[in-house]
Amino acid sequence: MTLGVLAVLAMAFVMFAGFWTDWLWYRSVRYSSVFTTTLWTKIGLFAVFGLLMALAVGVNIWLAHRLRPPLSAMSLEQQNLDRYRMGIAPYKKWVLLGVTALVGLIAGASASGQWRTWLMWINGVSFGQKDPQFQLDVSFFAFDLPWYRFLLGFGFAAAVLSLIAAALVHYLYGGLRITSPGARATAAATGHLSVLLGLFVALKAVAYWLDRYGLAVKSSDFKATGNWAGLRYVDANAYLPAKTILFCIAVICALLFFATLWRRTWQLPVIGFGLMVLSAILIGGLYPAIVQKFQVQPNEQAKEAPYIKKNIDATRKAYGIDDAKVDDYQGVGDSKDNSQLRKDADSAASYRLIDPNVVPPTFDQLQQERKYYQFPTTLDVDRYKGQDTVVGLRELDLKGIPKRNWINDHFTYTHGYGVVAAKGTAVKPDTEGAPDFIESGLPSQGMLGEYEQRIYYGEKTEQYSIVGGPQKELDYEKNGEPTKTTSYKGKSGVNLSNPLNRAAYAVAFSEPQILYSGAIGEGSRILYNRTPKERVEAVAPWLSLDGDAYPAVVGGRVQWIVDAYTTTNGYPYASRTTLGDTTADSLSQTDSQRAVIAQQNQVNYIRNSVKATVDAYDGTVKLYQWDTEDPVLKTWMKAFPDTVQPRGEIDPALMQHLRYPQDLFKVQRELLTRYHVESPSQFYSGSDAWQVPDDPTTGEKSSVPPYYLSLKMPQEQDRKFSLTTTFTPNGRPNLGAFMAVDADASSKDYGTIRLLRVTGDVPGPQQVQNRLNSNAEVAEFVRNMKGANSDIEYGNLLTIPLNDGFLYVEPVYAQGNNAYPLLKKVAVSYGRETVFKDTLGEALNAVFGEEGETPPPPGDGDDDTTRPPPSDGDESLQKAIEDAQKAYDEGQEALKQQDWTAYGKAQEKLQDALQRAADAGARTEAPAEQGAEGGNPEKPGSTEKPEKAAEQDGKGD
C-alpha cells in the first residue's frame with residue numbers, strides 16, 4: 001500500500017511539474033494571460049463537452065435499462081445472456097459510471113483541442129467583405145462555420161455512441177431479439193431507438209444545410225486550372241440545389257422516425273431512410289455528374305468564366321496580391337548608347353557580391369575567434385547607414401567546448417558574443433576576396449557603436465543554462481589577456497532559489513543535479529526556450545512564423561526580429577496553398593536552422609500581421625500590430641487582450657530594420673505564377689502561366705530563393721531596398737517576368753509589388769548560367785582552380801532591370817582545401833554579352849565596352865593625379881591612413897608567424913586608425929562618394945592601394 005501511494009504521488013508530481021514549470025515560464029516572460037486564457041479555455045471545453053457526452057451516453061444507458069421488458073418467460077437466447085446479466089448486476093452503477101466517464105474523458109480531450117476554433121468563434125470580428133454566392137460576411141466562413149462543424153461532429157458522435165450503448169443494453173435485457181421467435185423489438189425499445197435514429201437523421205439534415213456554405217470554401221482539383229476553391233458551375237447549379245433538396249428530405253425522414261413514438265412501427269421511417277439514401281445517390285451524385293458531362297464540358301470555358309473570375313478576385317484579395325502592378329517590359333535592352341548604359345549601371349543597384357549563403361565559412365575562419373562560437377549556415381542581409389550589409393551573430397556552440405561536462409555545458413559556457421557584419425557590396429582590399437568587415441573582433445568593434453554584445457538567446461541556442469548564481473560564467477577570452485568572467489544581470493528566466501522550483505525543473509528536465517547541485521544558489525535563474533521562434537510561438541500560439549528570424553542592433557541591444565502571420569483556410573473562393581511546400585527553396589533545404597514555416601497546414605488567406613522582437617540578452621518578447629486592418633488579428637487580440645502592442649509603439653530605430661518577410665513573398669510569388677492574369681479566358685487557357693525557376697547555381701531541382709537587394713525599378717528615381725525574384729514561362733527556360741516588392745518598412749511604398757512581364761526573348765537564369773559555364777575564360781579559371789585543389793562555388797545570380805533590359809551579376813568564389821570561400825571573379829551578362837572578370841568594375845566595363853566611373857585596377861591610372869583635390873582634414877586623414885597601413889602590415893606579419901597576441905594588438909591599432917580615418921573623412925568636404933552605394937561599385941578582389949581604399953571608407957563612414 002505504501003509503495004502504491006508513493007507511486008501515485010510521484011506520478012502526480014510529474015504532472016504537476018509540467019504544469020508548474022510552464023506557469024513559471026509564462027510568468028517570467030510576462031505573458032501569463034496567454035497561459036491562463038488557453039488553460040481555462042481548454043478546461044472549460046473539456047468539462048462542458050465531456051459532461052455532455054457522458055450525460056448523453058449515460059442517460060440513454062439508464063433509459064434502456066429502465067425500459068427493459070420482464071424476463072418471466074425467457075427464450076433460449078435470453079437464457080444464454082442471463083449469465084452476463086447476473087455478472088453485471090452487482091456492479092451496474094460502477095459499469096454505468098465507468099462507461100460514461102470513459103466516453104466523457106475521450107470527448108472532453110477531443111473538445112479541448114478545439115480551443116482555437118472556440119476563441120475565434122466567440123471573438124470573431126467582421127471582415128467587411130461578403131462572399132459573392134451567399135452574400136454572407138467572410139467571418140461566417142472563417143470563424144463561424146468551423147465551430148458549427150465541430151458542434152455537428154460532436155452531435156453525430158453523441159448520437160452514434162448513445163445509439164450503440166442503448167442497443168446493447170436493450171439486447172442484453174431482452175428489448176431486442178435476434179434469433180428468438182416473435183417481435184424483434186419491444187415497443188419501448190422501438191420508440192427509444194427510433195428517437196435516437198431520428199436525432200441522427202436530423203443532424204444529417206443540418207449537415208446538408210452546412211454543406212451548402214461549405215461549397216464556397218471547399219478545395220478541389222479542377223483539370224483546367226489545377227487547385228481550385230469555391231463554387232464552380234456544377235456546384236452552383238447542381239450541388240447547391242441538391243443539398244437543399246436533401247436537407248428537406250432528411251427533415252421529413254427525421255420526423256418519420258420521431259413518429260414511431262405513436263405508431264410503434266419501423267415501416268415508414270425505414271422507407272423514408274431508404275428514399276433519403278437513394279436521393280443522396282441520384283440527386284447528390286448522379287445529377288451533378290450529368291450536368292458536368294452534358295452542360296459544362298461541351299462549353300466549359302464559357303460556363304466556368306464567371307466562377308473563375310470570382311476565384312481570381314478572391315485569391316488575389318486573400319493573399320494580398322490584388323494591388324500588384326503588372327507592366328510590360330521589353331527585356332532586350334537598348335545598346336545604342338553603351339556609354340549611357342555603363343553610366344546607368346553604376347546607379348541601377350547596390351550590387352550585393354557577398355552571398356550570405358556562401359560566406360559563412362569565411363566568417364567562421366576570420367571571426368569565429370573560439371571553437372565554441374558559431375555563425376548560422378546562412379547569414380542575414382540588413383541595412384546599416386544606407387548600405388546593404390551581411391550580418392551574423394557569434395552564437396554559442398557547445399560542441400566546441402574544450403571539456404564537456406554538466407557544469408561547463410549549463411553554467412560556464414552560457415552565451416555567445418557580438419555581432420559580425422560586412423559590407424554586402426565589396427570585399428576588403430588586399431585580402432584576395434575576403435569580406436570587408438564593418439563590425440568585427442572580440443569584443444566586436446566597428447560602425448555599430450556601443451551595444452550589449454552578450455547573446456543569451458539565439459537561433460542556435462537550444463540548451464538550457466543556469467545563470468546569476470554562485471557559479472561564474474565565461475564571458476569571453478582574448479589572446480594575451482586574462483579570461484573575462486561575468487554573472488548574468490538580466491531579469492529573464494525562472495528563479496531557482498525556491499526548492500519547489502528546483503524540484504519541478506529537476507523532474508521536467510530529467511536532471512536530478514538541479515535539485516542538489518551546489519552550483520545553484522541565491523540568484524540562480526534557469527534560461528530555456530531560448531530560440532527566438534520558440535519564444536514567439538509560446539507567447540502567441542495562434543501565429544504562424546516566418547522561417548527566417550534575423551538580428552538587428554537597435555538602441556544598444558541586439559534584437560531578433562521575427563515576422564509572424566495570421567492565416568485561415570476559410571476565405572470563400574480563394575485557392576489554397578500548403579505553407580511548408582510553398583516556402584521551400586534551395587536555401588531552406590540546405591539550412592535546418594532556417595526551416596520554412598513549421599506548419600504544413602493548408603491556408604487560403606495570409607497576412608504578415610505581427611512583427612515580433614526577442615531581446616538577445618534578456619529574452620524579452622514584444623509583439624507589434626503590423627497590419628492594422630487584419631480581422632483575424634483583431635479577433636486574436638480580443639481573445640488575448642494586451643498581448644499585442646499598437647503599431648505606433650514601434651521604435652523608429654527598429655523600423656529601419658524591419659523588412660518584407662521572405663515566406664510571405666514566396667507564397668505570393670507562387671500564387672502570382674497563375675494569378676497575375678485577371679482575364680478568366682486567359683486564366684483558363686493557361687497561355688500566360690509562369691513558374692518559379694530552379695536555382696541555377698546549385699544544380700539541384702529546388703526553387704531559386706528570393707534575394708534582398710537595393711535596386712531601382714523602371715520609372716523610379718531612387719534605389720529601394722527590395723526583395724526580388726524571377727519567373728520563367730511554363731516549360732520554357734527563357735525569362736518570363738521579374739518581380740520586386742519594396743521591402744523597406746520605413747518606406748511609404750512598403751509592400752508594393754511590381755511585376756515586369758517580359759515581352760522580348762530574354763535568356764532566363766538557367767540559360768545565363770549555362771552561357772557562363774561555357775565561357776572560355778570561365779573554363780580556364782575552373783581548370784586553374786582545380787589544379788590548385790580549389791573548389792568553385794557560384795554566388796547569388798542577381799537580376800537587375802536596366803534600360804529595358806536585364807543585367808545579370810554573379811559573384812564566383814574559390815575555396816582551397818581546409819580554407820574558406822574567397823570572392824575571386826564576377827560574371828556579368830547583358831543582352832547577348834557575358835563577361836568574366838576580376839572585379840565588378842572591370843566586368844561592367846567589358847560588357848558595355850565603355851569605361852565607367854569605377855576606379856581602374858592598380859597600375860592602370862590609379863595614381864595621385866586621379867584623386868580629388870585635397871580639402872580641410874586631409875592631413876589627419878592621411879596620418880590615420882598611414883597608421884592603418886602600418887597596423888595592417890604588422891597584423892599580416894603576426895599572422896604568418898602565428899603570433900596571436902601580436903595579431904590581436906595589431907587589430908586593435910587597425911580599428912583605432914580606421915575610426916580616426918572615418919572621423920577625419922566625415923569632416924572632409926570631399927566630392928560625392930563613388931562607392932557601391934553611389935555610382936561606383938567597390939571592386940571585389942581588388943588589389944588597389946590601401947591608402948585609397950581607406951580614403952573611400954572614411955568618406956563613406
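What follows is calculated from the coordinates using simple rules that are stated; it is not laboratory data. The structure displayed is predicted, hence computed values, not measured ones. Because the Cβ atoms are built from the backbone with ideal geometry, glycine has one as well, and the counts that use them run over all protein chains shown.
In percent, what relative contact order does the chain have, based on Cα pairs under 8 Å that are 6 or more apart in sequence?
12 percent
Counting Lys and Arg as +1 and Asp and Glu as -1, what is the net charge of the other residues whose Cβ lies under 14 Å from the Cβ of D651?
Numbers: positive: R557, K611, K622, R647; negative: D615, E649.
Summing Lys and Arg as +1 and Asp and Glu as -1 gives +2.
Using each residue's phi in region 463-478, evaluate 6.51 cos²θ - 1.76 cosθ + 1.60 at θ = phi - 60° and report the 3J(HN,Hα) Karplus result to the nearest Hz, with x for Gly and Pro.
8, 8, 10, 10, 10, x, x, x, 7, 6, 9, 6, 8, 6, 10, 10
Starting from the Cα of K484, draw a straight line to each of the lysines and keep only those under 25 Å, dropping any in the same chain fewer than 8 residues away.
By straight Cα distance, K484 reaches K371, K399, K403, K460, K472, K905, K909.
Could you list which residues have their amide H under 5 Å from that of K218, counting only those 5 or more apart in sequence or on another chain, with H placed in the peptide plane?
Close amide H contacts, sequence-distant or interchain: G230.
Please report Y516, Y171 as a ranked list, fewest other C-beta atoms within 10 angstrom at the top and most at the bottom. Intermediate values should be presented prior to the final figure.
Working: Y516 9, Y171 18.
Listed from fewest to most nearby Cβ atoms, that is Y516, Y171.
Return the whole-Å distance between the Cα centroid of region 226-245 and the Cα centroid of region 633-695.
Rounded to whole Å, the Cα centres lie 29 Å apart.
Going by alpha carbons, how many degrees (0 to 90, nearest 10) lie between the helix axis of 76-88 and the longest principal axis of the chain?
Computed tilt is about 60 degrees.
Please turn the phi angles of region 446-459 into ³J(HN,Hα) values with the Karplus equation 6.51 cos²θ - 1.76 cosθ + 1.60 (θ = phi - 60°), one per residue in order, whole Hz, x for glycine and proline.
x, 6, 7, x, 7, 7, 6, 8, 6, 10, 8, 10, x, 5
Whole angstrom only: what separates the Cα centroid of region 788-816 from the Cα centroid of region 261-285?
71 Å
Quick one: net charge around S28, please, counting Lys, Arg +1 and Asp, Glu -1 for every other residue with C-beta under 10 Å from its C-beta.
Values: positive: R27, R30, K491, R525; negative: none.
Neighbourhood net charge equals +4.
By how many degrees, 0 to 90 and rounded to 10, does the Cα axis of helix 145-172 deviate from the longest principal axis of the chain?
Once rounded, the angle reads 40 degrees.
If you average 1/r over all unlike Cα pairs in the chain and invert the result, what Kirkwood radius do you get in angstrom? Each step should come with its number before you reach the end.
Numbers: mean 1/r = 0.0305 Å⁻¹.
With all distinct Cα pairs of the chain included, I get 32.8 Å.
Mind checking the full-extension length gain between V251 and N601? Use 0.36 nm per residue of separation minus the Cα-Cα distance, one decimal, nm. Spell out each step's value before the answer.
Working: separation 350, 0.36 × 350 = 126.00 nm, distance 3.53 nm.
That works out to 122.5 nm of additional length.
Less than 19 Å from a label point 7 Å out along the Cα-to-Cβ axis of E452: which backbone N atoms in region 533-552 qualify, by residue?
Residues 533-536, 550-552 qualify, since their backbone N sits under 19 Å from the label point.
Straight-line reach from K303: which lysines fall under 20 Å, measuring Cα to Cα and dropping same-chain residues less than 8 apart?
K218, K223, K293
Out of every Cα pair in region 186-318, what percent are spaced more than 19 Å from each other? Please list the in-between numbers first.
Details: 5053 of 8778 pairs.
When every Cα pair of region 186-318 is considered, 58 percent fall beyond 19 Å.
Helix 2-28 versus the longest principal axis of the chain: what is the Cα-based angle in degrees, 0 to 90, to the nearest 10?
50 degrees
Name the lysines eligible as straight-distance cross-link partners of K825: C-alpha to C-alpha under 25 Å, and not fewer than 8 places from it in the same chain.
Cα-Cα hits under 25 Å: K343, K423, K428, K712, K786, K837, K939, K945, K948.
Assuming 0.36 nm per residue, please report the length gained on full extension of the stretch E780 to E700 beyond their Cα-Cα distance.
On the way: separation 80, 0.36 × 80 = 28.80 nm, distance 2.42 nm.
That works out to 26.4 nm of additional length.
Which ³J(HN,Hα) values, rounded to whole Hz and listed in residue order, are derived for region 881-887 from phi using the Karplus coefficients 6.51, -1.76 and 1.60 in 6.51 cos²θ - 1.76 cosθ + 1.60 with θ = phi - 60°, glycine and proline given as x?
In residue order, the calculated couplings are 5, 4, 5, 5, 5, 5, 5 Hz.
With labels modelled as points extended 7 Å from the Cα through the Cβ direction, what inter-label distance (nm, one decimal) is found for W23 paired with Q301?
Roughly 6.7 nm, to one decimal.
5 Å is the cut-off here: which amide hydrogens, built 1.01 Å from N in the peptide plane, fall below it relative to T568, excluding neighbours closer than 5 in sequence?
So T568 has HN proximity to N604, Y605.
I need the calculated FRET efficiency for the pair T36 and K371, taking r as the beta carbon distance and R₀ as 45 Å, to the nearest 0.05. Kindly include the intermediate steps, with their values, before the conclusion.
On the way: r = 44 Å, r/R0 = 0.97.
Here the calculated transfer efficiency is 0.55.
Could you compute the net charge surrounding K204? Neighbours are other residues with a C-beta less than 15 Å from the C-beta of K204; K and R count +1, D and E count -1. Please list the in-between numbers first.
Numbers: positive: R149, R212, K243; negative: D211.
Net of charged neighbours comes to +2.
Need the C-alpha centroid separation for region 312-354 versus region 411-429, integer Å.
33 Å
Helix-only mean residue ellipticity at 222 nm, the chain, DSSP H runs n ≥ 4 weighted -39,500 (n - 2.57), per residue, nearest 500. What is it?
Numbers: 28 runs with 389 residues, N = 957.
So the calculated ellipticity at 222 nm is -13000 deg cm²/dmol.
Note the full-extension length gain between V5 and K491 as 0.36 nm times their separation in residues minus their Cα-Cα distance, in nm to one decimal.
Gain on stretching V5 to K491: 171.0 nm.
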